[in-house]
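Input: a single structure, listed below in structure tokens.
The values are calculated or read from the model by the stated rules, or taken from the named source; none is laboratory data. This one's a predicted model, so the numbers in the text were calculated from it and none came from an experiment. For neighbour counting, all protein chains shown are included, and Cβ atoms are generated from backbone atoms with ideal geometry for every residue, glycine included.
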Amino acid sequence: MRRILTFLLLALAGCNTTVSKQEMSSVEYGPAPARYKEEILSYLRLRLADPKDAIVDIRTEPKQLFQRKTALREQQHGWGVCVWVNDKNRRGVFEGFYPMSFVLRDEKIVAVNGGPDDSGVVGTRYAREQCAQLGAPFVQLR
């Protein structure tokens, strides 16, 4: 188990997620999404443990976002939005906020980092980095 954890940490450390201006300009982002809030909330309603009581804080307006291909993630591009979520666990207790980043193109979500479907070390790291890049660095709120 310790070897697996060490391997994962080394793999994660080796993922360069820095994006150049040339990479950013190499793709077509399309128009900024107008209904991004509805799309994100609809996505979360299907995945949160308690969507009625969950606190969903959409922290940024859509901004162009390019996610470089790494060993752990596919390349994605579109309009990025940072969201902080505080959902109840299975015992009905709020556990604190966590970050998520959404990538939208043509009014649809094409990638999600962090959250219920992607809550491991990699997803959380991408969500934190992308939220910071989008202008909403994640700080733990209670």
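Can you find a residue that is assigned to a helix (DSSP H, G or I) and of a type in the set (G, A, S) anywhere in region 116-123? Spell out the reasoning first.
At the first step, the residues of region 116-123 found to be assigned to a helix (DSSP H, G or I) are 121-123.
Filter once more, keeping what is of a type in the set (G, A, S): 123.
Taking every residue of region 116-123 in turn, at least one turns out to be assigned to a helix (DSSP H, G or I) and of a type in the set (G, A, S).
Among residues belonging to region 58-87 that are surrounded by 17 or more Cβ atoms within 10 Å (Cβ to Cβ) and small (G, A, S), point out the one that is nearest to C131 (Cα to Cα). Only one residue tops the list, namely G80. The set of residues in region 83-115 that are among the β-branched types (V, I, T) and part of a loop (DSSP other than H, G, I, E, B) contains only V93. Against the numbered list (1) surrounded by fewer than 20 Cβ atoms within 10 Å (Cβ to Cβ); (2) in a helix (DSSP H, G or I); (3) in contact (Cβ under 8 Å) with a residue 40 or more places away in the chain, I40 comes up short only at (1). Across region 134-141, a minimum of one residue is classified as part of a loop (DSSP other than H, G, I, E, B), of a type outside the set (F, W, Y), free of Cβ contacts under 8 Å to residues at least 24 places away in the same chain and surrounded by fewer than 18 Cβ atoms within 10 Å (Cβ to Cβ). Return the total of residues in region 103-133 being surrounded by fewer than 18 Cβ atoms within 10 Å (Cβ to Cβ), within 23 Å of G30 (Cα to Cα) and either at pLDDT below 95 or within 12 Å of the chain's Cα centre (by Cα) (or both). Counting residues in region 103-133 that are surrounded by fewer than 18 Cβ atoms within 10 Å (Cβ to Cβ), within 23 Å of G30 (Cα to Cα) and either at pLDDT below 95 or within 12 Å of the chain's Cα centre (by Cα) (or both) gives 3. Among the residues of region 92-101, is there at least one that is surrounded by 18 or more Cβ atoms within 10 Å (Cβ to Cβ), at pLDDT 95 or above, within 25 Å of Y29 (Cβ to Cβ) and in contact with a Lys or Arg (Cβ under 8 Å, 6 or more places away or on another chain)? Checked region 92-101: at least one residue is surrounded by 18 or more Cβ atoms within 10 Å (Cβ to Cβ), at pLDDT 95 or above, within 25 Å of Y29 (Cβ to Cβ) and in contact with a Lys or Arg (Cβ under 8 Å, 6 or more places away or on another chain).
Of the residues making up region 88-99, just one is touching an Asp or Glu at 6+ places or on another chain (Cβ under 8 Å) and under 28 Å from P33 (Cα atoms), namely F97. F66 meets each of the listed conditions (1) in a strand (DSSP E or B); (2) without any contact (Cβ under 8 Å) to a residue 12 or more places away in the chain apart from (2).
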